[in-house]
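Quick notes on the structure that follows.
The values are calculated or read from the model by the stated rules, or taken from the named source; none is laboratory data. As the structure is a prediction and not an experimental result, all values here were calculated from the model. As a convention, Cβ positions derive from the backbone with ideal geometry for all residues, glycine included, and neighbour counts pool all protein chains shown. Side chains are part of the model used for accessible areas, which takes the heavy atoms of the whole protein and leaves out ligands, DNA and RNA. Shrake-Rupley method; radii C 1.70, N 1.55, O 1.52, S 1.80 Å.
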Amino acid sequence: MGLTILTPTYNRAEMLKNVYNSLLKQTDFSFQWLVIDDGSKDDTAAIMQQIIDQHQASFSIEYYKKENGGKHTALNYAHPYIRFDWVTVLDSDDTLVERMVDTINKITNEYQNDQEIGWFAYLRGYTNDKPMGPEYQKNYDRTNYVAYMNNGRKGEVLDIYRTSVFKNYPYPQYTDERFVSESYLNIRAAVYGKYKMITVNDILYLADYQEGGYTKEGRKLQLSSPKGHADLWAPVCFKGFSLKQSIKGTWLHIAYALMGKQTVKEIINNHDQKWFVLLNIPFGYMIQIIWKKKYQM
């Protein structure tokens, strides 16, 4: 039991002490802080060594540095170093509320043997009482990510993954791409693993997005990594999603694949739902044209 708090970081040395201080304020120290440095060029290594040298609290700290490849590659790199049964991602410019670990350890202990549950989705907030988006319609709802997407859920959330689920669905890595949205894991775990999630209307994560961070970049950042995002949307063409969501997913899958230099023949042949993809090729083409014009690509 216990929780691994995973922090992927790149050139955020000045923020890591704030993260560490928020961890020192936790009311339960039954966790591991795992920091994966994605090839930082600043003094991240020196700052982390200072933190480790002065660390006296009972939670463990592990720091590893890799070549730069993007946040998703840092999450993949972390797999062999995760020590506990549950894992969550804490970005280097954010903090946790003081009761976060205690709250998570209690709920994961309750559901430890319920293997159908792949993760818990808590709220992120600007403050302790101001969530980043609407609350869930149902508190402690046992649902799945397919229904979650079909209902058009918006807003930033904090996912607490069962470690086996987190490891079973690694992010795709391409040498010329640096970003894949974290929902890649959630979609695949729901579609292929049939895992369910529990939504909780409780803010445990406080976000303070910095200039140059991933969240502020939006679509342009996703278009810089079209192959990975074509992979992300491919399963949304499958049965189980609403017709509206399937059409959206197929259009985005085609558009990203075209941006990634795939041919129409390759897009169709590499997909299980060939007829559905074929029917939607013109719409994917139109989205690609709009993106190229809008983002001057």
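Observations
- DSSP-assigned coil residues among GluC sites (Glu not before Pro) in the stretch 128-224, each with at most 11 further Cβ atoms within 10 Å: 211
- For the chain, the longest principal axis of the alpha carbon atoms and the long axis of helix 100-110 meet at an angle near 70°.
- Global form of the stretch 1-155, assessed from the alpha-carbon gyration tensor, a/c cut-off 1.5: prolate
- Dipole of the chain [Lys/Arg +1, Asp/Glu -1 at C-beta], most positive-end residue of 73, 15, 40: 73
- DSSP-assigned coil residues among trypsin sites (Lys or Arg not before Pro) in the stretch 121-161, each with at most 16 further Cβ atoms within 10 Å: 138, 154
- Solvent-accessible surface ranking, highest first, for 208, 272, 91 at 1.4 angstrom: 272, 208, 91
- The stretch 70-154: C-alpha gyration tensor shape, a/c 1.5 cut-off, then a/b vs b/c: rounded
- In the stretch 27-123, the trypsin sites (Lys or Arg not before Pro) that fall in loop regions by DSSP, at most 13 other Cβ within 10 Å: 41
- Too-long pairs where the Cα-Cα distance tops 30 Å, listed order kept, from 138/244; 194/293; 167/265; 138/261; 196/293; 194/294: 194/293; 167/265; 138/261; 196/293; 194/294
- Mean-position separation - Cα centroids, the stretch 228-272 and the stretch 109-173, in angstrom: 24 Å
- Rounded to the nearest 10 degrees, the inclination of helix 243-259 to the longest alpha-carbon principal axis of the chain is 90 degrees.
- Mean projection area, nm², convex hull over Cα of the stretch 83-226: 9.2 nm²
- Calculated Cα extents along the principal axes in Å (choose from [x] 68, 58, 36; [y] 49, 42, 36; [z] 60, 42, 34), label: [z]
- Computed magnitude of the charge dipole of the stretch 1-125 (debye, nearest 20; Cβ of K, R +1, Cβ of D, E -1): 100 debye
- Carbon and sulfur %, accessible surface of the chain computed with the full protein complex present, 1.4 Å: 50 percent
- Computed over the chain, relative contact order equals 18 percent, with contacts defined as Cα pairs under 8 Å that lie 6+ residues apart.
- Only Lys, Arg, Asp and Glu carry charge here, each on its Cβ (+1 for the first two, -1 for the last two); on that basis the stretch 174-297 has a dipole of about 500 debye about its Cα centre.
- Over the chain: helical MRE at 222 nm, DSSP H runs n ≥ 4 each giving -39500 (n - 2.57), nearest 500: -12000 deg cm²/dmol
- Residue order for 103, 108, 27, 127 - accessible surface, 1.4 angstrom probe, largest first: 27, 127, 103, 108
- Accessible area (Å², 1.4 Å probe, nearest 10) - residue 220: 110 Å²
- Accessible area per residue for the chain is 47 Å², calculated with a 1.4 Å probe on protein heavy atoms, without ligands, DNA or RNA.
- Among 139, 76, 186, the residue with the largest mean-square fluctuation in a Gaussian network model of the chain, with springs joining Cα atoms closer than 10 Å, is 139.
- Rounded to 10°, Cα long-axis angle of helix 274-294 versus longest principal axis of the chain: 70 degrees
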